[in-house]
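Colleague: Would you mind keeping the following structure in view while I ask a few things?
Just so you know, all these numbers are worked out from the coordinates, no wet-lab data involved. Remember, it's a predicted structure, so these values are computed and weren't measured experimentally. Here the Cβ positions follow ideal geometry from the backbone for every residue, glycine too, while neighbour counts run over all protein chains shown.
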């Protein structure tokens, strides 16, 4: 396991007799066992022919960029390449060099954040918020007053409003005020880490205290796996 460009990266190389199916599954298990940000498997089918397979998690190394530099293809989360005229050691070193170049290339969230389209005012009732959320097919609403973020109301909070009295209560009585937020210049690595801690599936983006956008789990998935 290596630390390259601020990431924990696993690189495994192995000579094999043929090109068996299931190499990608083996690599994914390897990544899971090591608990690394990205993993690359380099499999030599001949002395001068190698298969390179890469996998990476949210906001990590752009595997697609690495394998494209080797003549292959893929997206930020996964990719592969067939490298000819190079042996196992040479390809391994080339992968290390390519990954090392990724330092400082973390994408800022301002480039992927979505417009704020689904909000609710603090005086709205829980019943009104529930209808809005259901109609939009979302898991959470941001509670705002002007451009000021007050809290978030997710399906978890809505589930607590069961009686008629509770459903008529204002959103501000149930909203969660402690939530993870991002600044526009923070990177996707931060966004991915915070998203794993935030069960609402969205992260508000604040600039000078004002709400300027939102990063959703879908935004991160599109960045990782492509449109």
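Colleague: Using helices alone, what [θ] at 222 nm do you get for the chain, with -39,500 (n - 2.57) per DSSP H run of 4 or more residues, divided over all residues and rounded to the nearest 500? Could you put the intermediate results ahead of the total?
Modeller: Working: 8 runs with 71 residues, N = 227.
So the calculated ellipticity at 222 nm is -9000 deg cm²/dmol.
Colleague: Sticking with this structure for a sec: Provide the packing ranking of 39-46, 213-220, 169-176, i.e. peptides ordered by the mean count of other C-beta atoms within 10 Å per residue, highest first.
Modeller: On the way: 39-46: 21.2, 213-220: 19.6, 169-176: 17.4.
Those peptides, ordered most packed to least, come out 39-46, 213-220, 169-176.
Colleague: For the stretch 111-154, restrict the atom set to alpha-carbon positions and state the Rg and Dmax in Å.
Modeller: 10.6, 34
Colleague: Right, another one. Using only the alpha-carbon atoms, how far is helix 88-100 inclined from the longest principal axis of the chain? Give it as 0 to 90 degrees, nearest 10.
Modeller: So the helix axis and the longest Cα principal axis differ by about 30 degrees.
Colleague: Also: Between residue 176 and residue 139, how high is the FRET efficiency from 1/(1 + (r/R0)^6) when r is the Cβ-Cβ distance and R₀ = 22 Å? Nearest 0.05. List each step's numbers first, then the result.
Modeller: Values: r = 13 Å, r/R0 = 0.58.
That pair, residue 176 with residue 139, gives E of 0.95.
Colleague: May I ask for the angle, rounded to the nearest 10°, between helix 23-34 and the longest principal axis of the chain, with both axes built from Cα atoms and the value confined to 0 to 90°?
Modeller: Taking Cα atoms only, the helix is inclined about 60 degrees.
Colleague: Obtain the nm distance between the two label points defined at residue 160 and residue 34 by a simple spin-label model: each point lies 7 Å from its Cα along the Cα-to-C-beta direction.
Modeller: Reported label-point gap for residue 160 and residue 34 is 4.3 nm.
Colleague: What full-extension length gain, to one decimal in nm, is calculated for residue 90 and residue 199 as 0.36 nm per residue of separation minus the Cα-Cα distance? Before the final figure, lay out the partial values.
Modeller: Values: separation 109, 0.36 × 109 = 39.24 nm, distance 4.36 nm.
Here the answer is 34.9 nm.
Colleague: I've got another one for you. Could you order peptides 76-84, 180-188 by the average number of other Cβ atoms within 10 Å of their residues, highest first?
Modeller: Numbers: 76-84: 19.2, 180-188: 17.1.
Put in order of decreasing packing, that is 76-84, 180-188.
Colleague: Between helix 126-136 and the chain, what is the angle of the helix's C-alpha long axis to the longest principal axis, kept within 0 to 90° and rounded to the nearest 10?
Modeller: 40
Colleague: To continue, here is another question. Considering Cα pairs under 8 angstrom that are at least six residues apart, work out the relative contact order of the chain and quote it in whole percent. Don't jump to the answer; show the numbers that get you there.
Modeller: Numbers: 454 pairs, mean separation 39.3, N = 227.
Contact order relative to length: 17 percent.
Colleague: Please state the Cα pair-distance histogram of the stretch 1-151 with 5 angstrom bins from zero: what percent is in each bin?
Modeller: Final binned percentages: 2, 9, 16, 16, 13, 7, 6, 7, 8, 6, 5, 3, 2, 0, 0.
Colleague: Which three numbers, in whole Å and largest first, are the semi-axes of the equivalent ellipsoid of the stretch 110-225 derived from its Cα gyration tensor as √(5λ)? Show your work: numbers first, answer last.
Modeller: Values: eigenvalues 129, 42, 26 Å².
After diagonalising the Cα gyration tensor, the semi-axes are 25, 15, 11 Å.
Colleague: Let me know the whole percent of all Cα-Cα pairs from the stretch 142-196 that are separated by more than 16 Å. Write down the numbers at each step before the final one.
Modeller: Values: 815 of 1485 pairs.
Distances greater than 16 Å cover 55 percent of the Cα pairs.
Colleague: I've got another one for you. Say R0 is 25 Å: what FRET efficiency, to the nearest 0.05, do residue 110 and residue 218 get from their beta-carbon distance? Spell out each step's value before the answer.
Modeller: Working: r = 17 Å, r/R0 = 0.67.
Efficiency, from the Cβ-Cβ distance: 0.90.
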